[in-house]
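For reference, the structure is listed below as structure tokens.
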Amino acid sequence: MDFKPRPGQKEVLEYQNGQLAVPAVPGAGKTTVLAHLAAELIDTKLKNDQKILIVTYMNSAVANFRKRIGDFLAAKGLPRSRGYSVKTLHSLALGIIKEKPEARLINQEFELIESGKRYRWIKDLCRKWAGENNELLKQFFNLEKNSYRFDKYLKKWEEEDFPAFVASMISYFKLKLLEGEELKNMVKYSNLKSANILTPAAEIFSEYEFRMAQAGLLDFDDLVQQSLKLLKEDNEFAERIAAQYAYVFEDEAQDSNQAQEEMLYLLAGEENNLVRVGDSNQAITGTFTLSDPDIFRSYCKKEGVRVETMAVSSRSSQDIIDLANYLVDWSQEEFSDREIDPLEAKYIKAAAVDDPAPNPQPKDYRIGSKAFKDWKTEKKFIAKQALRKAEENNKETTAVLMPTGWQLEEIAREINKLGGEFQIAGSSSKDVFLTELEVILKFLTSPAASDNLKLVFIEIFGKEKPELNQILEEILEDNQNHEIIFPLSGLNRDNFDLEFRKREIFEEFFKSLTQIQGWLEASMELPPDELVLFLAERIGLTGKKLALAQNLALEFGRLLNENPAWRLDQLTAELPEIRDRIKQFAETLTEMEGFESKPDQVTLSTLHKAKGMEWDTVFIGSLTSSHFQHDNDDYFMGEKFYLNEEIKNPKASARAELEYILNEKKERNADYKARQKLIAERVRLLYVGITRARRNLFLSTHKKHGKWEKDPAFIFSSLKKFIDEKKSSSRKE
Ligand SMILES: Nc1ncnc2c1ncn2[C@@H]1O[C@H](COP(=O)(O)OP(=O)(O)OP(=O)(O)O)[C@@H](O)[C@H]1O
């Protein structure tokens, strides 16, 4: 393979042993260089029974790494899978637990709970807690009692926000290695005031642990907690595991959390051959997880750690690089007297002019920016221009990146209206719901319900030929389902009025009925799991959808093993739960496939999901102050206006209360600090967005949404000034 290392990359590839930190800029080739280094070390250094362990943050990166290392090894004439193992933190943890089965704390055959089921359990427990502590729950509220708003937001709090808060706190407690019963008592006997927000989280956590243990289930956070415990409590065991790995590499180190770091140190063992690569300016997962970019920043400054920076990137045009570097300068200056430092002073350099793969060099200044009068105008403009770009040049890729998913849906609708095509990055939602199969199964469990038959037509037959839906509607006006599908005289054309039989579509309609009758007969003869496979084949599912259907059949089979007397209706009643399991499977399938932008379609992605990807043209919209906060008095999404002032950011308050009882540290401004963190993260989010673009970039915002006034984000206005100046000076040249 032709790979000519650039300055910075070269030094990393000379690594032999010890601790190395590689801070890098976007597009510097982090994955490429780590893969190359792994292949080099496997070839020259590794003993037969040893491996390199590569820990990455996302499932999607695992396949990518394997492929790249495999390619480099193959180029050296070595077997593609020799000498390395790529894992996420969770798969690593699972592997460690499996190495010591006797220590599994639950039982030998523990099972992982799926995320959907976990959340439903937590919701149940929250509901139960709310029922028993209703007065306390209301004390958190600062809305006028008995008002319409009070009822509305109490419901929102009880049904959505409270369970989400508890679910996230449970993860937090576990990564802090706390145990439910112990924590509950600590809170109970602490001198926190009675209406503190930590109490419900701790009490529900304790119930949750009890319920999970009874069911023999573990969740993802348990895996990490338990495996760390095993390693820390048993030196010999830790050494045995560490001895398997001659080197430990970490990719995306800016997303590391404390548990992951501890695990890496333990696995690097005495030899301490540890390479961590990351870009703290791209740390954008912190507000959802326990990730903390300071962990990687501190590692870079740690004694005994060599630092090699990779600053060259050939991804973007010089103008886009200049804008990204300006953002770094702006952030340094803007936040110099605040407690935050969103972007480190690390600048992107273009590749040398004689580089075999140089930076793109578009002719003119290709960056634009605009503040639209309202969201409606903005979304229409973006949809139209993005589509035009995608259709005009079928070699270049185009993406629209937005802060939230609902904005993407609205852009998608606009693209649809224009008759264009789009694809959604990283999303498997279209496949998750096996709509066709689910609709048929619903029909087969109650064929007499007229809506069920209509749905079958809409989803299966009428998609291509809507006239089929129309004729069914008309026939159902005077007939019942069973008269159409199972008439006493048998299914026969003559059962239908001449008026219908004369229509061109009638033959097709009749054929559809015959097929449906076949399914009904099959449902009486075949066991449900086989029925699913039969139906999948009949309606012609292929590829990923077929794989999902096979998975559904397996789930049915598993349930039938446990409940041999169950029939189709009982099984279909379990579909919501099964869907969660399948959803995870579908996501894994999507990640394994990897995402590839099709040039003739617009890719739609949230800014978060765009990480690691690149496009020739990038539109970033909705840069308003409610998505990119700058000042303490901007609108902060995580905050609940209907809660008391001191707990309006419940997570931040609960963490501060925990800090207080664990370390006696009184953090006065927990939500102020949470705001600062969020402000910093939003700057990085925009930095990630901007650095996805190769040639063309458009930044926009709006001043109104419906009747709501909106402010363009301060960061947008600052960038706009820079862009406008550059543009006018490039015109003069
Ligand atoms: N020395 C090189 N010569 C040619 N191409 C290179 C070189 N190094 C990296 N690249 C290319 O640059 C692109 C970016 O590399 P990679 O995806 O590894 O970057 P990254 O640092 O992980 O990016 P990001 O920070 O945006 O996630 C890839 O297409 C890669 O093949």
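Quick rundown of the values:
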{"item": "In segment 23-52, the residues that are in contact with a Phe, Trp or Tyr (Cβ under 7 Å, 6 or more places away or on another chain), part of a helix (DSSP H, G or I), β-branched (Val, Ile, Thr) and surrounded by 22 or more Cβ atoms within 10 Å (Cβ to Cβ)", "result": "Ile42"}
{"item": "Matching residues, segment 307-356, being closer than 19 Å to Asn696 by Cα and among the polar types (S, T, N, Q)", "result": "Ser313, Ser314, Ser316, Ser317, Gln318, Asn325"}
{"item": "Residue ranges of helices (runs of 4 or more DSSP H) in segment 258-364 with at least 1 members surrounded by 15 or more Cβ atoms within 10 Å (Cβ to Cβ) and in contact with a Gly (Cβ under 6 Å, 6 or more places away or on another chain)", "result": "293-301"}
{"item": "Set Ala202, Ala246, Ala195: member being among the hydrophobic types (A, V, I, L, M, F, W, C) and either within 16 Å of the ligand (Cβ to nearest atom) or part of a helix (DSSP H, G or I) (or both)", "result": "Ala202"}
{"item": "Scan of segment 1-29 for residues that are within 27 Å of Gly269 (Cα to Cα) and near the ligand (Cβ under 6 Å from one of its atoms), ordered by number", "result": "Gln9, Ala24"}
{"item": "In segment 279-304, the residues that are within 15 Å of Glu250 (Cα to Cα), away from the ligand (no atom under 12 Å from the Cβ) and touching a helix residue (DSSP H, G or I) at 6+ places or on another chain (Cβ under 6 Å)", "result": "Ser291, Pro293, Ile295, Phe296, Arg297"}
{"item": "For Lys611: the one exception among (1) over 27 Å from Trp157 (Cα atoms); (2) at pLDDT 85 or above; (3) surrounded by fewer than 21 Cβ atoms within 10 Å (Cβ to Cβ)", "result": "(3)"}
{"item": "Qualifying residue in segment 660-674 (condition: surrounded by 15 or more Cβ atoms within 10 Å (Cβ to Cβ), touching a strand residue (DSSP E or B) at 6+ places or on another chain (Cβ under 9 Å) and under 30 Å from Met169 (Cβ atoms))", "result": "no"}
{"item": "Candidate set from segment 236-257 (those that are touching a helix residue (DSSP H, G or I) at 6+ places or on another chain (Cβ under 8 Å) and among the polar types (S, T, N, Q)); member that is surrounded by the fewest Cβ atoms within 10 Å (Cβ to Cβ)", "result": "Asn257"}
{"item": "Residue match in segment 33-47 (condition: closer than 20 Å to Glu252 by Cα, within 8 Å of the ligand (Cβ to nearest atom) and among the β-branched types (Val, Ile, Thr))", "result": "yes"}
{"item": "Pair list, Cβ < 7 Å and 6+ apart or interchain, from segment 456-476 residues that are at negative phi to residues that are of a type in the set (S, T, N, Q)", "result": "Phe457/Asn469; Ile458/Asn469; Glu459/Thr435; Phe461/Ser512; Gly462/Asn469; Leu468/Ser512; Leu476/Ser450"}
{"item": "Check on Leu92, touching a residue at least 60 places away in the same chain (Cβ under 8 Å), within 16 Å of the ligand (Cβ to nearest atom) and part of a helix (DSSP H, G or I)", "result": "no"}
{"item": "Members of segment 319-348 found to be of a type in the set (D, E, K, R) and free of Cβ contacts under 8 Å to residues at least 60 places away in the same chain, listed by number", "result": "Asp329, Glu333, Asp337"}
{"item": "Some residue of segment 397-408 being within 16 Å of the ligand (Cβ to nearest atom), in contact (Cβ under 8 Å) with a residue 12 or more places away in the chain, over 17 Å from His627 (Cα atoms) and part of a loop (DSSP other than H, G, I, E, B)", "result": "yes"}
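Condition check ((1) among the small types (Gly, Ala, Ser); (2) within 20 Å of Gln254 (Cβ to Cβ); (3) surrounded by 21 or more Cβ atoms within 10 Å (Cβ to Cβ)) across all residues:
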site	(1), (2), (3)
Val683	no, yes, yes
Lys703	no, no, no
Trp708	no, no, no
Phe716	no, no, yes
Asp724	no, no, no
Lys727	no, no, no
Arg731	no, no, no
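The values are calculated or read from the model by the stated rules, or taken from the named source; none is laboratory data. Given the structure is predicted, the values throughout are model-derived calculations rather than measurements. Please note: Cβ atoms are built from the backbone with ideal geometry, for glycine as well, and neighbour counts cover all protein chains shown.
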